[in-house]
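**Student:** Quick one: this structure, given as structure tokens, is what I'll be asking you about.
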Amino acid sequence: NAGVMQNPRHLVRRRGQEARLRCSPMKGHSHVYWYRQLPEEGLKFMVYLQKENIIDESGMPKERFSAEFPKEGPSILRIQQVVRGDSAAYFCASALGADEKLFFGSGTQLSVL
Amino acid sequence: SQKIEQNSEALNIQEGKTATLTCNYTNYSPAYLQWYRQDPGRGPVFLLLIRENEKEKRKERLKVTFDTTLKQSLFHITASQPADSATYLCAHLIYNQGGKLIFGQGTELSVKP
């Protein structure tokens, strides 16, 4: 049973471009979470999704950021018109249920030039 | 708003000693607390979960306590080894719009041989 898969592992974008981060949850998991981490800082919650539904997006900036978890395929975190401040490690996690332990992917390191 | 606070100062101890990490929370007591380990460049890995009606939980060399009066959880690693060196994160669930797990900023542990 493969773990949570995130790709790409590293993503370099220029200011103004779009970044798409992908996350395939563990098999059987229908709950997906996205977190952002800056150096020397903790994990900041961004969004919580179940299949085809956004449950809680209170940690996600209102503009330029969006997330989806379609019926088929991976969850996508999309950042439009990236700025230097978006540079960070973005982690995806999945769980069997809403109050279960989380399984994390290895993260995507986004660098905005 | 609910917050989780961990000692941001790194903890340096000698191999064989017991490491004790602290996690404090504000406002209401969560139904449970979770502890994760994070190595550089990797996603967090779940270690232990302790519920509010459990005073203590053990797993091999790990022990977690939960004191709802002090609003605090302690995480102990006995007979510490250099391989235990990592950042340790505590987290709890916020029951809001289906629930999201929020994390403390983590405490870096360094075990010297």
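Just so it is clear, none of the values below were taken in a lab; they were calculated from the coordinates. What you see is a predicted model, and the numbers here were worked out from it, not measured in a lab. Methodologically, a virtual Cβ is constructed for each residue, glycine included, from the backbone with ideal geometry; neighbour enumeration extends over all protein chains shown.
**Student:** Taking every residue in A:58-65, how many Cβ atoms of other protein chains lie within 10 Å of its Cβ, on average?
**Tutor:** Average neighbour count from other chains, rounded to a whole number: 1.
**Student:** What is the order of B:111, A:4, fewest Cβ neighbours within 10 Å to most?
**Tutor:** B:111, A:4
**Student:** Express in whole angstrom the spacing between the alpha-carbon centres of region A:35-72 and region B:1-44.
**Tutor:** Cα centroid to Cα centroid, the span is 23 Å.
**Student:** Looking only at other chains, what is the average number of their beta-carbon atoms within 10 angstrom of each beta-carbon in B:11-20?
**Tutor:** For this peptide, the per-residue mean of nearby foreign Cβ atoms is 0.
**Student:** Given a Förster distance of 30 Å, report the FRET efficiency between residue B:68 and residue A:84 from their Cβ-Cβ distance, rounded to the nearest 0.05.
**Tutor:** That pair, residue B:68 with residue A:84, gives E of 0.10.
**Student:** Give, as a single signed number, the net charge of other residues whose beta carbon lies under 14 Å from the beta carbon of residue A:12, with Lys and Arg counted +1 and Asp and Glu -1.
**Tutor:** +4
**Student:** Could you run the Karplus curve 6.51 cos²θ - 1.76 cosθ + 1.60 with θ = phi - 60° over region A:84-99 and give me ³J(HN,Hα) per residue in whole Hz, x for Gly and Pro?
**Tutor:** Values per residue, Gly and Pro as x: 4, x, 7, 4, 4, 9, 10, 10, 10, 9, 10, 8, 5, x, 5, 10 Hz.
**Student:** Averaged over its residues, how many other protein chain Cβ atoms are within 10 Å of peptide A:91-100's Cβ atoms?
**Tutor:** 3
**Student:** With each pseudo-label sitting 7 Å past Cα toward Cβ, what's the residue B:110-residue B:20 distance in nm, one decimal?
**Tutor:** A separation of 2.2 nm, rounded to one decimal place.
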